Amino acid sequence: MLRTPSAVRDAERHTAHNYHPLPVVISSAEGAWLTDVDGRRYLDCLAGYSALNFGHRHPKLIEAAHAQLDRLTLTSRAFIHDQFADFCRELAALCGKDLVLPMNTGAEAVETGIKVARKWGYQVKGVTPGQANIVVAEGNFHGRTTTIVSFSTDEDARADFGPYTPGFTVVPYGDLAALTAAIDENTVAVLLEPIQGEQGVVVPPEGYLPGVREVCTERNVLFIADEIQSGLGRTGATFACEQEGVVPDMYLLGKALGGGIVPVSAVAANADVLGVLKPGQHGSTFGGNPLACAVATEVVRLLATGEFQRRSAELGERLHAGLRGLVGKGLVAVRGRGLWAGLDIDPALMTGREACERLMERGVLAKDTHGSTIRLAPPLVITEEEIDHAVAQLAAVLAG
Ligand SMILES: Cc1ncc(COP(=O)(O)O)c(C=O)c1O
């Protein structure tokens, strides 16, 4: 008898239903592969929404975690620990910035970015107290806190969570003229995803990000790039911004920074920006803890080799070529960069959810978003054969 049905029921019984997971119960994983409680294997084409860029249980990351677990796990920032300096120095170097501020979740990095931008606005730019304003984009996804959902344009994410935090102006994504027009003397920052992941891997028009960079520089506004999902190798470079020749004032990082082991996020910026924070003004009990730093330092070292960025660029070509071949054969459109793709399924055929359920039956796990879109973001350790396998399974699902 299969264990999955009862395991699914057990998992749902005592939890809030804030997710609608696929009915699969995973018990172990390695590299790009997952195994469920019934011993069935699945190719992971979601990779924890890019938190598992290096695959499940990458040996170097597991080794770093084990070694740290045996020595020291938590001090709080009240004391300094011996993993902190290397992590901050090496991540700052990877980002080409002076300083980093470690937190835990992506949403906390975004909140940190917002707080820093506001303080910078008042203290450095000279914005009127209480008037700071941040320009954001329609279709954004930056996390789930009350302030962040205040400027979401997704009603599922936002409705009934008010009263909403003021101080944000929403403009259409990819529209440089609208963004420029929204900037006024109280604007402290523009906060954008260089590619909108949750929205369906939406790539902005060419020239948009360089244009945003230019207008931010001209108007003395911070450009905050939320690279929590797009960064750290996913698009075929360390940062998606890099592929547009753009250097933001602040990087927001998360997900893959924790190596799929621990939640680690960070804000990276130069001293003229992050330097506005003084003791007592921001923090987190677990942010920058020894276990997180030990794992994340190893993540930064993996990225410093360039191997994963290269793999993502090269294998991404293969993935996108395969997917483009399915346009007109069940797919309406394919977007993305590197090992990251948003696919629009022909709604006349099936929903994104149905496509994911059928893929699951064929041993491939992916996740739908916004009705008829599927997101593919396999671990960057996936092989050519595995990519071909995933595309073949998708073709079979679309062929009915
Ligand atoms: C671009 C982006 N920013 C922020 C977040 C929030 O991260 P977390 O779920 O770790 O709070 C996400 C999560 O999907 C994201 O994709």
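Scanning segment 387-400 for residues that are assigned to a helix (DSSP H, G or I) and open to solvent by 40 Å² or more (accessible area, probe 1.4 Å) yields Asp388, His389, Ala392. Screening Leu339, Leu319, Leu303 for residues that are outside any loop (DSSP other than H, G, I, E, B) and within 16 Å of Leu46 (Cβ to Cβ) leaves exactly one candidate, Leu319. Checked across segment 143-151, the condition of being closer than 29 Å to Gly287 by Cα, open to solvent by 60 Å² or more (accessible area, probe 1.4 Å) and within 11 Å of the ligand (Cβ to nearest atom) holds for at least one residue. If we scan segment 221-234, do we find a residue that is under 19 Å from Gln309 (Cα atoms) and away from the ligand (no atom under 11 Å from the Cβ)? There is at least one residue in segment 221-234 that is under 19 Å from Gln309 (Cα atoms) and away from the ligand (no atom under 11 Å from the Cβ).
Take Arg337 and decide whether it is buried (at least 20 other Cβ atoms within 10 Å of the Cβ) and charged (D, E, K, R). Criteria met by Arg337. Quick one: in segment 69-109, which of the residues that are more than 16 Å from the ligand (Cβ to nearest atom) and small (Gly, Ala, Ser) is surrounded by the most Cβ atoms within 10 Å (Cβ to Cβ)? For segment 69-109, the residue satisfying everything is Ala92.
For the structure I just gave you, tell me whether Val135 is away from the ligand (no atom under 15 Å from the Cβ), under 28 Å from Thr369 (Cα atoms) and either under 19 Å from the mean Cα position of the chain (by Cα) or open to solvent by less than 10 Å² (accessible area, probe 1.4 Å) (or both). In short, yes.
Test Pro279 against the criterion of being in a loop (DSSP other than H, G, I, E, B), under 22 Å from Tyr122 (Cβ atoms) and in contact (Cβ under 8 Å) with a residue 12 or more places away in the chain, and give yes or no. Answer is no for this residue. Just one of the listed residues (Val203, Val190) is of a type in the set (Val, Ile, Thr), open to solvent by 10 Å² or more (accessible area, probe 1.4 Å) and under 23 Å from the mean Cα position of the chain (by Cα), namely Val203. Annotation: Lys115 fulfils all but one of (1) more than 19 Å from the chain's Cα centre (by Cα); (2) in a loop (DSSP other than H, G, I, E, B); (3) closer than 20 Å to Ser265 by Cα; the unmet one is (2). Residues in segment 13-64 that are small (Gly, Ala, Ser), farther than 25 Å from His142 by Cβ and without any contact (Cβ under 8 Å) to a residue 60 or more places away in the chain: Ser27, Ser28, Ala29, Gly39.
When we screen Glu90, Glu30, Glu108 for residues that are of a type outside the set (Phe, Trp, Tyr) and in contact with a helix residue (DSSP H, G or I) (Cβ under 9 Å, 6 or more places away or on another chain), the only hit is Glu90. Give segment 1-53 a look and list any residue that's open to solvent by less than 30 Å² (accessible area, probe 1.4 Å), of a type in the set (Ser, Thr, Tyr) and closer than 22 Å to Gly200 by Cα, or say none. Within segment 1-53, just Ser50 meets the criteria. When segment 299-330 is filtered for residues that are open to solvent by less than 50 Å² (accessible area, probe 1.4 Å) and of a type outside the set (A, V, I, L, M), the ones remaining, listed by number, are Gly306, Phe308, Gln309, Ser312, Gly316, His320, Gly322, Gly325, Gly330. Tell me, yes or no, whether segment 270-290 has at least one residue that is more than 18 Å from the chain's Cα centre (by Cα) and under 21 Å from Gly31 (Cα atoms). Among the residues of segment 270-290, not one is more than 18 Å from the chain's Cα centre (by Cα) and under 21 Å from Gly31 (Cα atoms), which makes the answer no. Where strands (runs of 3 or more DSSP E) fall wholly inside segment 12-103, no range has 2 or more residues that are over 20 Å from Ile261 (Cβ atoms) and of a type in the set (S, T, N, Q). Among the conditions (1) outside any loop (DSSP other than H, G, I, E, B); (2) of a type in the set (A, V, I, L, M); (3) crowded, with 24+ Cβ neighbours inside 10 Å, the only one that Leu380 does not satisfy is (1). Filtered by the rule that a residue be touching a residue at least 60 places away in the same chain (Cβ under 8 Å) and in a loop (DSSP other than H, G, I, E, B), segment 118-132 gives a lone residue, Val127.
Rundown of residues vs (1) closer than 14 Å to Thr297 by Cβ; (2) touching a strand residue (DSSP E or B) at 6+ places or on another chain (Cβ under 7 Å); (3) aromatic (Phe, Trp, Tyr), yes/no style:
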site	(1), (2), (3)
Asp36	no, yes, no
Arg41	no, yes, no
Leu46	no, yes, no
Ala51	no, no, no
Ala64	yes, no, no
Thr73	no, no, no
Phe79	no, no, yes
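Could you tell me which residue of segment 245-298 is surrounded by the most Cβ atoms within 10 Å (Cβ to Cβ), considering only residues that are more than 15 Å from the ligand (Cβ to nearest atom) and among the β-branched types (Val, Ile, Thr)? Across segment 245-298, the extreme among qualifying residues is Val295.
The values are calculated or read from the model by the stated rules, or taken from the named source; none is laboratory data. Every value quoted in this text rests on a predicted model; they were computed, and no experiment measured them. Backbone-built Cβ (ideal geometry, glycine too); neighbour counts: all protein chains shown. Heavy atoms of the whole protein, side chains included, go into the accessibility calculation; ligands, DNA and RNA do not. Shrake-Rupley method; radii C 1.70, N 1.55, O 1.52, S 1.80 Å.
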